[in-house]
Structures are given as structure tokens and as C-alpha cells.
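K.L.:
My questions will all concern the structure given below.
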Amino acid sequence: MEALECIKTRRSVRKFTDAPVTREEMQQVVEAAAYAPSWKNTQTVRYLVVTDPDKKQRLADGCMLDFAFNQKTTAGAPALVVLTTITGRSGYERDGSFSTSQGTHWQSFDAGVAAQTFCLAAHACGLGTVIMGIFDEAKVAQVVDIPEGQQVSALIAIGHPAEEPVCPKRKDTETLLSFA
Ligand SMILES: Cc1cc2nc3c(=O)[nH]c(=O)nc-3n(C[C@H](O)[C@H](O)[C@H](O)COP(=O)(O)O)c2cc1C
């Protein structure tokens, strides 16, 4: 798929078929997502895949801050990716001090860059995704073992699309773009 077409046709997908996402498909997507840029090439983002129906149901029932859309999406997706970041590296000097006045900002920035790269790669492979930010991080960590030194940045539901969502309206270029 051509890059601009991939960017423009990717939609947030919240309904999936029952077809599982295979390990090979996940590997193909993450292999591509690894090419995302990151702070000093620190590559601190990790992808923890949950497919166990019981765990997914527990995440849906107890970790989505009672946000019904995310509960339904999580329970219905064949796989849920817990996107984590290794803390204390992105935006930091080797001595542990912040590199810039933006403090911890770059860790989340890297996570966002990686998440979109992951979603575009998934789309190019025929998979649908939706990034979810409405969840309780501490409760997710009670259901899924988050490795020491990492924190949950976002959840991404992934599967074979069972819907073709219309594109939510975009702002025009004149609004978004200015020249200094
Ligand atoms: C940081 C972030 C958090 C989001 N959180 C949620 C969420 O919790 N639940 C959800 O259904 N969609 C969520 N979305 C998806 C947005 O609603 C979606 O990207 C937006 O409406 C534009 O639609 P599109 O992705 O199809 O272009 C999130 C997207 C981003 C980037």
C-alpha cells in the first residue's frame, strides 16, 4: 500500500471478526513498528499482547473507567496490545537528569510516534486498530504483568476489521499550517 493512501485510509476500528491475530501477523506489524523514530534511538516502547479471553474480559470489566465503548471494544477484539515504555530514558541524560525543560514529555512522545507507526503497519497488513487512552493504568497492571521499569502508555485493540468506519471530519490545511 502506498504511504499517503495508508495514512489517509487508516481508521480507528472498534468492531472485529472472530478471526484471531496470529503471532506471525503480530511479528510482521511490530517488525515494521520498530522503524519508528525515537529519542536518541532509545527505542523504549514495548508491545505486550493479550489474547486470553478471560484476561481481556477482566480488562474490559474492571479497567476502562466504566467507559462503555472501550469495554465493548476490548472484550470484542481478538487481541489487545498493552503499549508500555521503559521509564527514565527518553528525554534523559545518562546521569539521570532531564535533557530539556520538557521533562518526561519525550517518553509519551515516543510512545505516540510508535503507536501510530504500529497502527499504520497494521493497516498495511489488513488489520484494524484503535488506540485507547481511557483506562485505569494501575488496574491494568493488576491484570497484566507489566515488566519492572516499564509503564503503560496506551492500549491498542487489534484484529481483522468487521466495519469500515467513515472518516471523522478533518480540519483543513489552512487551519493546521502556518509559516513563521
Ligand atoms: C491518544 C489517543 C487516545 C484515544 N483514546 C480512545 C479511546 O479511549 N477510545 C476510543 O474508542 N478511541 C480512542 N481514540 C481514537 C480517536 O477517537 C480517533 O483516532 C479519532 O476519533 C479519529 O478517528 P480515526 O482514528 O478513525 O481517524 C484515541 C486516539 C488517540 C490518538
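K.L.:
What order, most packed first, do the peptides 27-33, 123-129 have when packing is the mean number of other Cβ atoms within 10 Å of each residue? Could you put the intermediate results ahead of the total?
P.N.:
Working: 27-33: 16.7, 123-129: 19.9.
The peptides rank, most packed first, as 123-129, 27-33.
K.L.:
Here's a follow-up. If I stretch the segment between A180 and E164 completely, what's the gain in nm (0.36 nm per residue apart, minus their alpha carbon distance), one decimal? Write out the running numbers ahead of the final one.
P.N.:
Values: separation 16, 0.36 × 16 = 5.76 nm, distance 3.85 nm.
Once the chain is fully extended between A180 and E164, it gains 1.9 nm.
K.L.:
Using θ = phi - 60° and the Karplus form 6.51 cos²θ - 1.76 cosθ + 1.60, what ³J(HN,Hα) does each residue of segment 6-13 get, whole Hz, x for Gly and Pro?
P.N.:
4, 4, 7, 9, 5, 10, 6, 9
K.L.:
Could you name the lysines whose alpha carbon sits less than 23 Å from that of K55, not counting residues in the same chain fewer than 8 places away?
P.N.:
Within the straight-line cut-off, K55 pairs with K15, K72, K139.
K.L.:
Follow-up. How high is the FRET efficiency from T100 to E137, r the C-beta distance, R0 35 Å, rounded to 0.05?
P.N.:
Working: r = 24 Å, r/R0 = 0.70.
The formula returns an efficiency of 0.90 here.
K.L.:
Another question, then. Report ³J(HN,Hα) in whole Hz for each residue of segment 169-180, in order, from the Karplus equation J = 6.51 cos²θ - 1.76 cosθ + 1.60 where θ = phi - 60°; Gly and Pro get x.
P.N.:
4, 9, 5, 6, 4, 4, 6, 7, 10, 9, 10, 7
K.L.:
For segment 3-165, what is the charge dipole size about the Cα centre, in debye to the nearest 20, if Lys and Arg each add +1 at the Cβ and Asp and Glu each add -1 at the Cβ? Let's see the in-between values first.
P.N.:
Numbers: 15 positive and 18 negative charges, 48 e Å.
So the magnitude is around 240 debye.
K.L.:
Would you please put 115-121, 105-111, 162-168 in order of how densely packed they are, using the mean number of other Cβ atoms within 10 angstrom per residue and starting with the highest? Mind showing how you got there, number by number?
P.N.:
Details: 115-121: 21.4, 105-111: 19.3, 162-168: 10.4.
Per-residue Cβ counts within 10 Å, averaged per peptide and sorted highest first, yield 115-121, 105-111, 162-168.
K.L.:
While we're here: Using DSSP to define loop residues, name the chymotrypsin sites (Phe, Trp or Tyr not before Pro) in segment 1-43 whose beta-carbon has at most 16 other beta-carbon atoms within 10 Å. Can you show the working numbers first?
P.N.:
On the way: sites: F16, Y35, W39; in loops: Y35.
For chymotrypsin sites (Phe, Trp or Tyr not before Pro) across segment 1-43 that sit outside H, G, I, E and B with at most 16 neighbouring Cβ atoms in 10 Å, the list reads Y35.
K.L.:
Taking the DSSP beta bridges in segment 3-165 as the whole, what percent of them are antiparallel, to the nearest 5?
P.N.:
Numbers: 21 of 22 bridges.
The answer is about 95 percent antiparallel.
We did not get these values from a lab; they are worked out from the coordinates using the rules stated. Quick caveat: nothing in here was measured; it's all calculated off a predicted structure. Because the Cβ atoms are built from the backbone with ideal geometry, glycine has one as well, and the counts that use them run over all protein chains shown.
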